[in-house]
Amino acid sequence: MSVHHLFILFVALILTGCAKTVPDTSHTAEPQLNHTAHAKVNKTSNEAIPSKAKILDPTKVDDVWQRIALQLRFAPSQHPSVQKRVAWYLQHPNYMDEISKRAGPFLHYIVNEVERRGLPIELALMPLIESDFDTSAYSHKHASGLWQLTPLIAKHYGIKIGPWYDGRQDVIDATNAALDFLSYLHKRFDDNWYHAIAAYNIGEGRITRAISNNIKHGKSSDFFHLKLPKQTRHYVPKLLAAATLLRQKKMKFPPIKNQAVITVLPLKNGVILNDVQAWQSLEHLNPGYTRFPALLDGPRHIVIDKKQASQWQSYVAQQPSMPSKQWQQYAIKPGDSLSVIAQQYSLSVAQLKAFNQLKNARIIAGKTLLLPILADKKIDYSVKSGDSLWRIARTFNVTVSKLKQWNNLSRETLQIGKTLTVFLAPL
C-alpha cells in the first residue's frame with residue numbers, strides 16, 4: 001500500500017473516531033435553559049446572560065411592559081407546559097386589558113424595586129400570576145394581596161396584620177417582603193430561580209423533598225422533572241409564558257406609562273380623614289388600611305397619586321390625630337388596668353398607650369380613655385336566598401372589596417345562612 005493510501009486511511013480513522021464521541025442529543029429531555037444566538041447561559045441560576053449588543057435603555061422607553069421585555073433574563077423555554085399556557089393567553093386576548101388597568105398604579109414601582117435589588121425582572125410579573133394584580137385578592141389558604149403573602153411569611157418579614165391594617169395589601173410593605181422572601185429562597189436553592197419561585201408557591205419544604213427524592217432515584221432535579229402538586233407544576237410555566245409573550249410580542253399588553261404614578265407620604269400619627277371624597281380617592285391605593293377613613297396601626301405612610309403629592313401633604317398635616325367625636329370612649333373604673341381594658345376590647349396595651357399618648361401604663365379611675373374603635377355601627381348580616389356580595393354592598397353603601405376584606409372571603413359566592421360582618425360609618 002502506498003504512502004498516499006496510508007495517509008487517506010489514517011484520516012478516515014480519525015474522523016470515524018470523532019463521530020463516535022459526539023453524543024446524540026436528539027431525544028434528550030428539554031433543558032430548563034436553551035442557548036441562543038445572542039446569549040450565554042447561566043446553568044445554575046436558570047438565567048440567560050444578555051450579550052453586550054447595544055440595546056435600548058429600559059428606563060427611557062415609554063411603556064413599562066417594554067421596559068420589562070428589554071430586561072428578561074430567563075432563557076426561552078419550549079417546554080409543552082409553557083407553550084400550553086402561551087396558547088391559553090392567546091385564546092384570551094382581552095385578559096391583559098384588565099391586568100394593565102389594575103397594574104397601572106403599581107407596576108412602575110414594583111419594577112423599580114426589582115431593578116434596585118438586581119433581581120431578574122421576571123419577578124415583577126409574579127403579581128400577575130399570583131393575584132391578577134388585584135390588591136384585595138384573598139385565597140382559601142389565607143394568602144392576601146398582590147403578592148399573596150400568607151400571615152406566617154408576612155409577619156416573619158415584619159408586616160403588620162391587625163384589625164386596622166393588613167400590610168399584605170399595601171404595595172410598599174408587600175413588595176418589600178415578597179422580594180426579601182424570594183431573595184432568601186434563591187440562596188436556599190443554590191441560585192436556582194425556578195426552584196425558588198416554585199417554593200414561593202408551595203413552600204420550601206415541599207420543593208426540598210421533591211429534589212431529594214429525584215436525586216435519590218437518579219432522576220434530574222430540574223423543575224420540570226419534579227413531582228409536585230398540579231398548581232405548582234403550572235406556576236412557573238405561567239410566569240415563563242407571560243415572559244414569552246412579552247419577548248416575542250405575541251400578544252398586546254395595553255401600555256402603562258414608564259413613569260412613577262405613586263409616591264409615599266410619611267404619616268407621623270394615625271389620623272381620621274374627615275373628607276369623604278378625600279378618603280375615597282385614597283382607598284384604592286391604600287387597601288392595607290381596612291377601616292377607612294381611619295389610617296391607624298399601619299406603617300406610618302400612605303400611598304398617594306404623585307400628581308397630588310403637595311396637596312395631600314398639607315391636607316394630612318392639618319388632620320387631628322385623635323378626633324374624639326369619632327372614637328368610642330371608656331370611663332376608667334377602680335381596679336382597671338390597661339391590660340384588662342385591652343383584653344376586654346381585643347386591643348393591645350401598646351395600642352391603648354399610643355392612642356392616648358400615655359408614657360407609661362398608669363391610669364386613674366374617673367378619667368376617660370379613647371379606644372381605637374370607631375364609633376360606627378357593626379352589623380351581623382345573615383345571608384339570604386338571592387343575596388350576592390354586590391347586592392349586600394349596595395344595601396349598606398359599602399364596597400364589595402371591603403365586604404370580602406372584613407370577612408376574609410376568597411371568592412364572591414355566598415352560603416345561605418352565613419353571617420357577614422358589616423361596618424357602617426358614623427354619619
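The values are calculated or read from the model by the stated rules, or taken from the named source; none is laboratory data. From a predicted model like this one, the values you see are computed outputs, not experimental measurements. Neighbour counts run over all protein chains shown; Cβ positions are idealised from the backbone, glycine included. What goes into the accessible areas is simple: the full protein's heavy atoms, side chains included, and nothing from ligands, DNA or RNA. Shrake-Rupley method; radii C 1.70, N 1.55, O 1.52, S 1.80 Å.
Brief remarks follow.
- Rounded FRET efficiency, nearest 0.05, which uses the C-beta distance separating residue 333 from residue 410 and R0 of 45 Å: 0.60
- Segment 197-274, relative contact order [Cα under 8 Å, separation at least 6], %: 21
- Pairs over the 25 Å Cα-Cα cut-off, from the set 160/230; 268/307; 160/418: 160/230; 160/418.
- Solvent-accessible surface of protein heavy atoms, probed at 1.4 angstrom with all chains present, puts 92, 79 in the order 92, 79, largest first.
- Taking θ as phi - 60° and the Karplus parameters 6.51, -1.76 and 1.60, the scalar couplings of segment 193-206 work out to 5, 4, 5, 5, 5, 5, 5, 4, 7, 10, x, 5, x, 5 Hz in sequence order, x denoting glycine and proline.
- Residue 116 - accessible surface, heavy atoms, 1.4 Å probe, Å² rounded to 10: 150
- Gain in span if fully extended, residue 419 to residue 364, counting 0.36 nm per residue against the direct Cα distance: 15.9 nm
- Spin-label model distance (nm) - residue 94 vs residue 310, 7 Å beyond Cα toward Cβ: 4.2
- Chain lengthening between residue 395 and residue 180 when straightened (0.36 nm per residue, less Cα-Cα): 73.2 nm
- Cα gyration tensor category, rounded, prolate or oblate, for segment 72-219 with a/c compared to 1.5: oblate
- When the listed pairs 257/402; 141/333; 84/141; 101/404 are checked against a 31 Å cut-off, the alpha-carbon distance exceeds it for 141/333.
- Solvent-accessible surface (1.4 Å probe) assigned to residue 297 amounts to roughly 60 Å².
- Amide H contacts for residue 133 (H built 1.01 Å from N in the peptide plane; partners 5 or more residues away or on another chain; cut-off under 5 Å): 128.
- Cα centroid separation, segment 160-187 to segment 75-113 (Å): 22
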